[in-house]
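Here the structure comes first, spelled out in structure tokens, and everything after it is commentary.
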Amino acid sequence: MKYILASLVPVVALAFVATSALAAGCGDPPAAPQMPDGATITSADMGKASEAMDAYSQSFDKWRTCTITAVNSAGEEYNTAAKEWQTQVTAYQNRAKTKK
């Protein structure tokens, strides 16, 4: 039984981390712009493509920063929960030993 319970901790942690990024309002990562064909693109269109890539880079950096912050926060909460879980498992095991 304790092995089953112990194996649930990583599963719960993964779900917690994944939902933390969404709960933090990070949303999905931004979509990459369509890449130009460098062999045939005009200078004007290359300038527009460069602007699109710059905007994408800025959006992606904001999303990545949000996600990293959310994951770090979730990790701290997970560590606290895992520590408390281990405390409770130890208390349960000690209680079981004293009943024998």
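Odds and ends about this structure:
- Phi to ³J(HN,Hα) by Karplus 6.51 cos²θ - 1.76 cosθ + 1.60 over the range 48-63, Hz, x for Gly, Pro: 5, 5, 5, 5, 5, 5, 4, 5, 4, 4, 5, 5, 5, 4, 5, 5
- Difference of contour (0.36 nm per residue) and Cα-Cα distance, Asp54 to Met35: 5.6 nm
- 3J(HN,Hα) couplings calculated from phi for the range 68-79 with the Karplus curve 6.51 cos²θ - 1.76 cosθ + 1.60 (θ = phi - 60°) are, in sequence order, 4, 4, 5, 5, 4, 5, 5, x, 5, 5, 4, 4 Hz; Gly and Pro show x.
All of the numbers you see were taken from the coordinates with simple rules; none came from a lab. As the structure is a computational prediction, the values presented were derived from the model and not from experiment.
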